[in-house]
Amino acid sequence: MDRLKKKYGLTRSDLIRKFLLEEKGPLIVNLKEFLEGISELAAEQGRVNNNINQLAKHANQSLRPNQTNPLLFARFNELMGKYLEYQRLMNGCFKKIYRSIAS
């Protein structure tokens, strides 16, 4: 805070107010950590997608609908719905990040 206070020539309370109230106020981001976090998130997303594809392949090759508990399919559909909603929200966050970086 003290470094930013000197850098922007503001008092501590003005600096806090600027961060809280102004949309285009100074933004503190450790870019290296941020990009590493985004990279880890994208890698995890890829692993999840791969696992879903493997489950679908396994189900298509070995499971017979009349021999499988219908609750298994219902639970899978429920979890897939949650996953797709989380993915949609995450993609929305990525779009906002990209737009703020580009502007």
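Could you list, ordered by first residue, the pairs with Cβ atoms under 9 Å in which the first is in segment 83-101 and over 17 Å from residue 44 (Cβ atoms) and the second is assigned to a helix (DSSP H, G or I) and at pLDDT 90 or above, at least 6 apart or interchain? That search, which allows pairs on different chains as well, returns nothing. Selection of segment 30-42 for residues being of a type outside the set (Lys, Arg) and loosely packed, with under 10 Cβ neighbours inside 10 Å yields 30, 31, 33. Scanning segment 39-79 for residues that are more than 27 Å from residue 98 (Cα to Cα) and basic (Lys, Arg), we see that the one that is modelled with the lowest pLDDT is 64.
The requirement of being over 23 Å from the mean Cα position of the chain (by Cα) and either surrounded by 11 or more Cβ atoms within 10 Å (Cβ to Cβ) or part of a helix (DSSP H, G or I) (or both) is satisfied by residue 75. Within segment 28-38, is there a residue that is among the small types (Gly, Ala, Ser), more than 30 Å from residue 6 (Cα to Cα) and either at pLDDT below 70 or part of a helix (DSSP H, G or I) (or both)? Checked segment 28-38: no residue is among the small types (Gly, Ala, Ser), more than 30 Å from residue 6 (Cα to Cα) and either at pLDDT below 70 or part of a helix (DSSP H, G or I) (or both).
The values are calculated or read from the model by the stated rules, or taken from the named source; none is laboratory data. Just so we're clear, the structure is a prediction, and the values are computed from it rather than from any experiment. Virtual Cβ from ideal backbone geometry, glycine too; neighbours counted across all protein chains shown.
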